[in-house]
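These notes concern the structure reproduced below.
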Amino acid sequence: MNIKGFGKSGSPLFNLMAMTKSAKGKAVIPKNAATSWWLNPKKTAAILALIAFFVYCNTLANDFVLDDSIVITKNQFTTKGISGIADIFSHDTFTGYFADNAEQLKIVGGRYRPLSVAFFAVLFQLFGANSIVFHCWNILLYALCCGFLYLMLRKVFEPKLGNENAAILAGISALIYAVHPIHTEVVNNIKSNDEILCMILSLASLHYAIKYFETSKINTAIMAGASLFLALLAKENAVAFLAIIPASLYVWQQGQHKKSGAYLPLMASLGGFFLAYFLLRYAILGWSFGEAPLDLINNPFIKWDGAQWLHCSTGERLAMTFLSLGKYLQLLVLPYSLSSDYYPRYIDMISFGNPIALVSLLAYLALGGFVVYSLIKGRFGTVAYGVFFFLASLFIVSNLLFPIGTNLAERFAFMPSVGFCLAIAGLLLPFFTKKETRSSAIIGVGMVALLFAGRSFVRNSDYKSNLTLFSKDVEVAANSAKMQNGLGALLAGEAQKSQDAARRAELSNQAMEHLSKAIEIHPTYLEAFYMRGNVNFMLGKVESAVEDYRKCLSINPNFKQAHGNYALAMRETAKQLMEAKSDIPKAIIYLEESLKLFPEEQETAKLLEAVKAMQAVPAAPPSGN
């Protein structure tokens, strides 16, 4: 295939010797030079998409996991199919799951991400709760994202680097991105389809922004704004492209000086559509930004003083934040110990006396300083642009701007990892342009890509089910209260289903360990106390179950799920006391309290009559000789 007048494929790989320098010093390829297949943008994009697809093809065997139930299988709007789309766009994203339990929507600012959920509704209408279809949808979109990323990076850097070098840079970046294990959560957890849609549509906005300057057509500026609007409807992270698009144009327009007026239509479109999204979000959710709740699962920056929760000091919060930011760097460089959960206290309470937090702070200051220095000196090249992309998109989810409900998550690195991959590719590019280091560079990148692809492929199997995933990830996130509670609840469910008494007891005891650990980490963990009460009941420790349910209701008296179990546990405890004739007054107290909750419960009422009769019978006098 001929591209822009180039000849058919036939030149050796990375044949940079055929390149010449233009008058301005930019690398160009002579019009008659033969070109390799990898310089064909569409072919290379398709190959990268296929690589991404094959790395994740084994996810098709996985079930729905993690938050998939919130937006798909147990979401009352999604399960309506197409008829539920109006509700999806007119409510908080989690409303369809929590339904009447609106008090459980504790996340500061709410969540308005209707676009991916609307697609789920369409898929549900056509195929029902078929996990294979939903996983296939996620894989295909991810493959498309990787191919599109290659095309856009190549587009941005071609004016600066020339066709061949831009192809190498974009190819390395997109290849590392496609196989990077840190993306396994996004691809395996179908709920994170919002991340993929957000990235694709944000890149589409950049595409139309560049096209506007190529054509000067106003409709392309409008399309840039509309694409950003849709990206925001997928996920709020797209707001980072309000900074990334100008930076990308700065790189793309190297040596070209546009009058300020040329930018006005594009900036007006981007700003106008962002304002439209903001007003729509306000109309649906209201102005709900405020102080983060004193709830550890939705606010990691609180501490327990033995009697109550208190907000962390500014120093403690910043230290925990920069330790988390340092963890992103570690996961991007060495993505081995992965977890679907990094909730409190995966990152423990610390100050800047912690050396890792301090090193992380210095590292980010250095990265920011490097970007500023590059701009001032007019050296805003591949590495500086990559670092800027990384910092700009990570800032949105860093907890520095506003609390996001947790310390960190692998899905939050989905957009920032573009900048990381690009910066690495920029550092490696000189090794690909020199004949003496080219082979070593190709082998090195190839080995890393194979290792990353292998790690991703193996990691996919962990997402087969929630039980498989949590059993694996608790080894990494042992100090996560949410992970311990989640695994404990799943084991309790397995115990309840088991017909083998010994197996049931074994699973129940395992569940007890994890639930008790969750409570140790989070002393007022409502759900953990409730589940531990259930496990105690299954183990026959009904009085311990009463104490867990009582604690549960002291935390939240309106926690409806606990009322019935609490009443039942008190009745069963009273039965045990009656049979043992050990503490009849306590049995009466339990039964009376149970009847207060459910006055029409006949069995409890009959037991209360019986136990009062037992109390009325005088004890037999001691026999004498």
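The values are calculated or read from the model by the stated rules, or taken from the named source; none is laboratory data. Please read these numbers as outputs of a predicted model, since none were measured by experiment. Because the Cβ atoms are built from the backbone with ideal geometry, glycine has one as well, and the counts that use them run over all protein chains shown. Note: areas computed on protein heavy atoms with side chains; ligands, DNA, RNA excluded. Shrake-Rupley method; radii C 1.70, N 1.55, O 1.52, S 1.80 Å.
Taking GluC sites (Glu not before Pro) that fall in a DSSP loop and have at most 11 other Cβ atoms within 10 Å as cut points, what is the longest piece of the chain between them?
On the way: sites that count: Glu291, Glu475, Glu600.
Looking at the chain, 1-290 is the longest stretch - no exposed GluC sites (Glu not before Pro) with at most 11 other Cβ atoms within 10 Å.
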Have a look at Ile176, Ser554, Pro246 and report the one farthest towards the positive end of the charge dipole of the chain, computed about the Cα centre with Cβ charges (Lys/Arg +1, Asp/Glu -1).
-> Pro246
Cα centroids of region 57-84 and region 334-377: how far apart, whole angstrom?
-> 34 Å
Counting only chymotrypsin sites (Phe, Trp or Tyr not before Pro) that are in a DSSP loop and have at most 12 other C-beta atoms within 10 Å, tell me the longest site-free stretch of the chain.
-> 337-625
Can you pull the semi-axes for the chain, root of five times each eigenvalue of the Cα gyration tensor, sorted largest first, whole Å?
-> 57, 24, 23
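Please work out the FRET efficiency for the pair Ala605 and Ser216, using the Cβ-Cβ distance as r and a Förster radius of 56 Å; give the result to the nearest 0.05.
Values: r = 83 Å, r/R0 = 1.49.
So, using R0 = 56 Å, E works out to roughly 0.10.
Over 19 Å between C-alpha atoms is what I'm after, so list which of Lys575/Lys606; Lys517/Lys551; Lys42/Lys217; Lys160/Lys211; Lys586/Lys612 land there. Walk me through the numbers on the way to the answer.
Working: Lys575/Lys606 11 Å; Lys517/Lys551 16 Å; Lys42/Lys217 25 Å; Lys160/Lys211 17 Å; Lys586/Lys612 11 Å.
Over 19 Å Cα-Cα: Lys42/Lys217.
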Averaging sequence separations of C-alpha pairs under 8 Å and six or more residues apart, then dividing by the length of the chain, give the relative contact order as a whole percent.
-> 13 percent
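Taking the Cα centre of the chain as origin, sum charge times position over the Cβ atoms of Lys and Arg (+1) and Asp and Glu (-1), and report the length of that vector in debye to the nearest 20. Write down the numbers at each step before the final one.
On the way: 54 positive and 43 negative charges, 686 e Å.
With Lys and Arg at +1 and Asp and Glu at -1, about 3300 debye.
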Take Cys136, Cys552 and sort them by solvent-accessible surface of the protein heavy atoms, 1.4 Å probe, largest at the top.
-> Cys136, Cys552
In sequence order, calculated HN-Hα J values of region 219-234 (Karplus, 6.51, -1.76, 1.60; Hz; x Gly/Pro) = 5, 6, 5, 5, 5, 4, x, 5, 5, 5, 4, 5, 4, 5, 5, 6
